[in-house]
Amino acid sequence: MNSTRKNILFMLHLPPPVHGSSIVGELVKESDIINNSFCGRYINLILSRKVNESGKTNPKKIVRFVMIWLHLLGKLMHRKPDLCYYALTTTGAGFYKDVLLIALLRLFRVKIIYHIHNRGIIQARKRKINHVLYRFVFRNTHVILLSKYLYYDIEEYVPQGHVYYCPNGIKDYQPNASFLTLPENRPFNILFFSNLIEEKGVFVLIEACSILKDKGYSFQCEFVGGEGDVSETQFNAFVQEKGLEEQVKYLGKRYGRLKEMAFEQADVFALPSYCDCFPLVILEAMQHSLPVISTYEGGMPDMVDEGSTGFLLPSYDDAEALSEKLEFLLSNPVLRKQMGINGRIKYEKNFTLPIFEQRLLYILQDVLKLNK
């Protein structure tokens with residue numbers, strides 16, 4: 001029976017570090033549905049071991065890349081796959097690394113489907129060398145995107161007929177009423193859960209908190225995640241500059257029960273990001289029945305229903321608009337709770353792990369049929 005299953009080479013990102021693409025890569029690698037349907041072999045593409053190493057070159061990463069290239073060569077010589085599922089990095093040093101691996105796949109005439117978790121092609125293609133490389137990479141391939149709102153980024157290189165859409169899904173978590181008892185008179189709690197990266201809107205949210213404080217509101221804003229291009233020292237200095245030491249706290253990384261507690265204690269989730277495509281953390285907020293405030297970036301409009309499950313800011317750097325939405329939710333607890341319930345319902349209908357696995361299974365099966 002196993003001999004009839006198609007052979008797929010999965011080239012994906014696996015943690016560490018922990019970010020959207022690596023989490024999804026781990027879910028794919030651990031999926032019983034995928035592994036029972038195909039003969040899968042796996043190669044981890046990640047060269048960085050920490051978030052702040054991303055985009056930087058060092059001798060250890062060069063050695064890791066050479067090992068990956070040799071690992072791929074060995075697998076191709078041992079058995080040519082029917083299909084290669086490739087988690088493509090579309091810009092920067094990661095893209096050039098991928099080009100060298102893709103060239104090897106091309107040499108062995110392997111059919112490729114890319115799963116793209118980032119964006120930036122539309123800007124990077126302005127460099128002539130990048131334009132040439134994009135044409136090479138995307139020639140005669142299929143692409144999986146997280147949202148229809150992201151197609152614009154690859155439109156010049158991939159026809160719509162070669163594109164599949166597969167929104168992310170996450171493992172379920174059932175909130176437990178007895179998990180945490182919260183005092184009734186506690187302050188309004190705002191949660192930011194992501195790495196401290198300026199493009200995620202770290203400073204914009206702090207500015208919005210400053211506006212709330214000036215209006216006399218009682219609240220807590222907790223930042224949870226690892227340090228990125230914003231260090232803990234820089235974060236605390238900005239908080240101190242705004243006089244928010246009592247209201248705004250950086251809690252560092254949280255895993256397991258501590259992570260769930262951060263969501264359970266929150267009243268609203270805020271991620272005023274201008275770099276994300278389809279952040280898993282928004283899905284986590286929805287499964288915890290939290291209203292979400294984010295931006296009209298990437299696939300966010302597919303995730304957040306304006307006025308129903310949260311709000312989307314027209315501009316990522318508008319701290320005043322962000323503070324107004326926070327103020328509205330702070331002042332309307334009944335509506336806030338209903339928006340959180342609406343988010344949980346949308347998550348259950350669209351973004352669970354089994355739904356994601358079935359979508360991905362269908363896509364891979366469909367592409368393999370096209371190969372016949």
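Throughout, read-outs are computed from the coordinates displayed, never taken from laboratory work. Because the structure is predicted, anything quoted here is derived from the model rather than measured. All Cβ positions, glycine included, derive from the backbone under ideal geometry; neighbour counts span all protein chains shown.
Taking neighbour Cβ counts within 10 Å as the exposure measure, how do MET286, MET339 sort from fewest upward?
Working: MET286 27, MET339 23.
Neighbour counts put them in this order, fewest first: MET339, MET286.
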> Suppose R0 equals 41 Å; then what is the FRET efficiency for SER308 and GLU198 from their Cβ-Cβ distance, rounded to the nearest 0.05?
Replying inline: 0.90
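Any chance you could run the full-extension gain for ASN36 through HIS71? It's 0.36 nm times the residue separation minus the Cα-Cα distance, nm to one decimal.
Details: separation 35, 0.36 × 35 = 12.60 nm, distance 2.37 nm.
Taking 0.36 nm per residue and subtracting the Cα distance, the gain is 10.2 nm.
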>> Could you tell me the relative contact order of the chain? Use alpha-carbon pairs under 8 Å, at least six residues apart, and round to a whole percent.
In response: 15 percent
> Once every DSSP H run of n ≥ 4 in the chain is given -39500 (n - 2.57) and the sum is divided by its residues, what mean residue ellipticity at 222 nm do you get, rounded to the nearest 500 deg cm²/dmol?
Replying inline: -13500 deg cm²/dmol
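Indicate the gyration tensor shape class of the chain (rounded, prolate or oblate), computed on the Cα atoms with a ≥ b ≥ c the square roots of the eigenvalues: a/c under 1.5 is rounded; otherwise a/b larger than b/c is prolate and the rest oblate.
On the way: a/c = 2.06, a/b = 1.73, b/c = 1.19.
Prolate, since a/c reaches 1.5 and a/b exceeds b/c.
Arrange the peptides 264-273, 298-307, 164-173 so that the one whose residues have, on average, the most other Cβ atoms within 10 Å appears first. Write out the running numbers ahead of the final one.
On the way: 264-273: 23.5, 298-307: 19.1, 164-173: 17.6.
By packing density, highest mean first, the sequence is 264-273, 298-307, 164-173.
Loop-only check: which trypsin sites (Lys or Arg not before Pro) in the range 249-279 are DSSP coil with at most 13 other Cβ within 10 angstrom? Walk me through the numbers on the way to the answer.
Values: sites: LYS249, LYS253, ARG254, ARG257, LYS259; in loops: LYS253, ARG254.
Of the trypsin sites (Lys or Arg not before Pro), the ones in loops of the range 249-279 whose Cβ has at most 13 other Cβ atoms within 10 Å are LYS253.
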>> Relative contact order for the range 227-372: what percent, with Cα pairs under 8 Å and sequence separation of 6 or more?
In response: 19 percent
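First check a/c for the range 57-131, with a ≥ b ≥ c the square roots of the eigenvalues of its C-alpha gyration tensor; if it is under 1.5, answer rounded, and if not, answer prolate when a/b is larger than b/c or oblate otherwise.
Because a/c hits 1.5 or more and a/b fails to exceed b/c, the range 57-131 counts as oblate.
Shape call for the range 188-350 from the C-alpha gyration tensor, a ≥ b ≥ c root eigenvalues: rounded (a/c under 1.5), prolate (a/b greater than b/c) or oblate? Don't skip to the end; give the middle numbers.
Working: a/c = 1.43, a/b = 1.28, b/c = 1.11.
Judged from the Cα gyration tensor, the range 188-350 comes out rounded (a/c under 1.5).
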>> Please compute the modelled spin-label separation between SER315 and LYS80, points set 7 Å along Cα→Cβ, answer in nm with one decimal.
In response: 5.6 nm
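So, with +1 on the Cβ of K and R and -1 on the Cβ of D and E, and no other charges, what is the size of the charge dipole of the range 188-350 about its Cα centre, to the nearest 20 debye?
Values: 15 positive and 26 negative charges, 146 e Å.
Charge dipole, the range 188-350, about its Cα centre: 700 debye, nearest 20.
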> How many angstrom separate the Cα center of the range 266-312 from the Cα center of the range 74-95?
Replying inline: 31 Å
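Kyte-Doolittle cut-off -1.0, length cut-off 27 Å along the helix's own axis using Cα: show which whole DSSP H helices in the chain pass. Don't skip to the end; give the middle numbers.
Details: long enough: 59-78 (29 Å, 0.68).
Within the chain the helices that satisfy the rule are 59-78.
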> Which far-off residues, 5 or more places away or on another chain, put their amide H under 5 Å from the one on CYS221, with H placed in the peptide plane?
Replying inline: ILE190, VAL248, LYS249
> Cα centroids of the range 119-156 and the range 218-236: how far apart, whole angstrom?
Replying inline: 33 Å
> Normalised by the residues of the range 64-177, what does the relative contact order come to in percent, with Cα pairs under 8 Å and at least six apart?
Replying inline: 22 percent
